Amino acid sequence: MADTIEKNVTRGGQFLVKETKCEDIFTPEDFSEEQLMMRDSVKEFVDKELWAHKDRFEKKDYAYTESSMRKAGELGLLGVAVPEEYGGLGMGFVSTMLVCDYISGATGSFSTAFGAHTGIGTMPITLYGTEEQKKKYVPKLASGEWFGAYCLTEPGAGSDANSGKTKAVLSEDGKYYSITGQKMWISNAGFCSVFIVFARIGDDKNITGFIVENDPANGISMNEEEHKLGIRASSTRQVFFNDTKVPVENMLSERGNGFKIAMNALNVGRIKLAAACLDAQRRVTSNAVKYANERIQFNTAIASFGAIRSKLAEMATNAYAGESASYRAAKDIEDRIAAREAEGTSHQEAELKGVEEYAIECSILKVAVSEDVQSCADEGIQIFGGMGFSEDTPMESAWRDARIARIYEGTNEINRMLSVGMLIKKAMKGHVDLLGPAMKVQEELMGIPSFDTPDFSELFAEEKGIIANLKKVFLMVAGSAVQKYGPDLDSHQQLLMAASDILIEIYMAESTILRTEKLAKKEGEAKVQEQIAMAKLYLYKAVDIVNQKGKEGIISFAEGDEQRMMLMGLKRFTKYTNNPNVVALREVITSKLVAENEYCF
């Protein structure tokens, strides 16, 4: 079965060692008519119900968050990923990403409520539940009659999720478990109907998942709402379980399988979080463009000032790159799920394995897009100047809401280390051949470089060559680090962080180049000059980051001749033959933004 899938779908992490053709990736320009209609209906809901009442979310109107969620349920938006037999729309992974993308841009409060409910609140039952559990709970969750929450984090168990102290004790008659413990940072706690709770049975190595209905008479109590920097109207409470009785049939999956459930839920949560940061960037960029066009200083609209134009170009470019990479990965996951189902695997198993296959890409996207949305909001404030600091404009709330994205679904530091760690594990299992390509890079370093002038007549010919060279940088740094430290590499966190930044920039830059190449072939280069400029600008910045992080990594573990050779290799692999004029590239991008008065890509 695996062999058949292998022929049809690229495996997770293989982007690093396998050339991808632009025809083989999915882009936002490939949305179907049905997907575009879904996008437009979501935008209409968001503009009418969320954006128009943004002040209510900022004033901690938890009831409005709840009522908005009910309206989303009535429209079917809470059941997009739920199979039809359980009351959902049964849409594919790309469509679920699309809904998550466009429903999340107006306010982080609603975005968090939506993500917690549809993802970690509903999905564990859909993917791990028995038939009886799914029939009992999922239709109510898909319709918005009930809301879900997810109880994993504890005061002593954050990033180390499996270290929780909450206990589950089986009753003498064997009919129920008594759960006792404290959970914190529980999104949707204030209005949820059912919890996914993780607890430890006896001295089990791993935690176990349970479906627990929210009944205060059953030993469930909560603290008041947490007062937070952002996502102010997202209900966030501590939840206490005191001898809470849970029927044995409400155990989720098998005993000791809770850690696996939690990790797989996080994989999906990471790529969905990337999607949830995209429309926020579009909205912030559009608002910044509008303001820059209207704001007059020195008798001129500030949109004509180079310092402002530079910011707008970078904001749009990062948003475009985030879209490119997120939907590329989403379709890879969707294709992997379809391939497994075609081989006879159940939908549950196919979806679990499909997402798990691309866990590396999920972590990459989570880090890259969450950091870009923060940068975007920060520059949005700067363009608005003093007004940006005021609650009367949408910038300061966007900035506050963006900050949590770098923390939840695993901190960005954890995800950076995970992305490299998972890639090395895949290599050791033989799922991705890193050793062969790494050895070739070593041989290339020892050889004499070619001084031939390549043919750069085709669009992106040089850029694609540079992407291939950036992959060599990663293989050079990571390969040498694995050789030097072996299993102890995990303890060299700063080196792993540097390697992960190289990995992230490769995936994001390549996705942007491939999307634009595909678009240019379809529309003609003349019609997509701005997208070409964004792809080149993103790569230029990526090369700088790879250069910096590569040098940092090499110097941290190599000495003498080895260090000199690797630094020479780094210089060779990050060299442009024709340096792009980044000021000119930004001008092309910003001219379009200013003329359209919004993010228009």
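The values are calculated or read from the model by the stated rules, or taken from the named source; none is laboratory data. In this text, all values refer to a predicted model and were calculated from it rather than measured experimentally. Cβ atoms come from the backbone with ideal geometry, glycine included; neighbour counts cover every protein chain shown. Only protein heavy atoms, including side chains, enter the accessible area calculation; ligands, DNA and RNA are left aside. Shrake-Rupley method; radii C 1.70, N 1.55, O 1.52, S 1.80 Å.
What to note about this one:
- Test: residue in the stretch 292-302 that is under 21 Å from D279 (Cβ atoms), among the acidic types (D, E) and at pLDDT 95 or above: no
- Considering residues of the stretch 117-128 that are open to solvent by less than 10 Å² (accessible area, probe 1.4 Å) and not β-branched (V, I, T) only, the residue nearest to R255 (Cα to Cα): P124
- Within the stretch 548-568, tally of residues that are open to solvent by less than 60 Å² (accessible area, probe 1.4 Å) and of a type outside the set (V, I, T): 10
- Out of A217, A199, sole residue that is part of a strand (DSSP E or B), out of contact with any helix residue (DSSP H, G or I) (no Cβ under 6 Å at 6 or more places or on another chain) and not basic (K, R): A199
Results for (1) assigned to a helix (DSSP H, G or I); (2) open to solvent by 60 Å² or more (accessible area, probe 1.4 Å); (3) of a type outside the set (F, W, Y), shown as yes or no for each residue.
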{"site": "I448", "(1), (2), (3)": "no, yes, yes"}
{"site": "M497", "(1), (2), (3)": "yes, no, yes"}
{"site": "M508", "(1), (2), (3)": "yes, no, yes"}
{"site": "K527", "(1), (2), (3)": "yes, yes, yes"}
{"site": "A533", "(1), (2), (3)": "yes, no, yes"}
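- Pairs linking a residue in the stretch 35-58 that is part of a helix (DSSP H, G or I) to a residue that is open to solvent by 30 Å² or more (accessible area, probe 1.4 Å), with Cβ atoms under 7 Å and 6 or more positions apart or on different chains, are F45/L75; E49/K71; K54/P394; F57/R232; E58/R232; E58/E391.
- Qualifying residue in the stretch 514-521 (condition: surrounded by fewer than 23 Cβ atoms within 10 Å (Cβ to Cβ), free of Cβ contacts under 8 Å to residues at least 12 places away in the same chain, out of contact with any Leu (no Cβ under 9 Å at 6 or more places or on another chain) and in a helix (DSSP H, G or I)): no
- Test: residue in the stretch 128-142 that is within 22 Å of C362 (Cα to Cα) and hydrophobic (A, V, I, L, M, F, W, C): no
- The residues in the stretch 135-171 that are under 16 Å from M251 (Cβ atoms), open to solvent by less than 10 Å² (accessible area, probe 1.4 Å) and in a helix (DSSP H, G or I) can be counted, and the count is 1.
- Of all residues in the stretch 249-292, those being open to solvent by 50 Å² or more (accessible area, probe 1.4 Å) and either over 26 Å from the mean Cα position of the chain (by Cα) or not aromatic (F, W, Y) (or both) number 6.
- Tally, over the stretch 39-85, of residues that are of a type in the set (G, A, S), surrounded by fewer than 18 Cβ atoms within 10 Å (Cβ to Cβ) and within 25 Å of the chain's Cα centre (by Cα): 1
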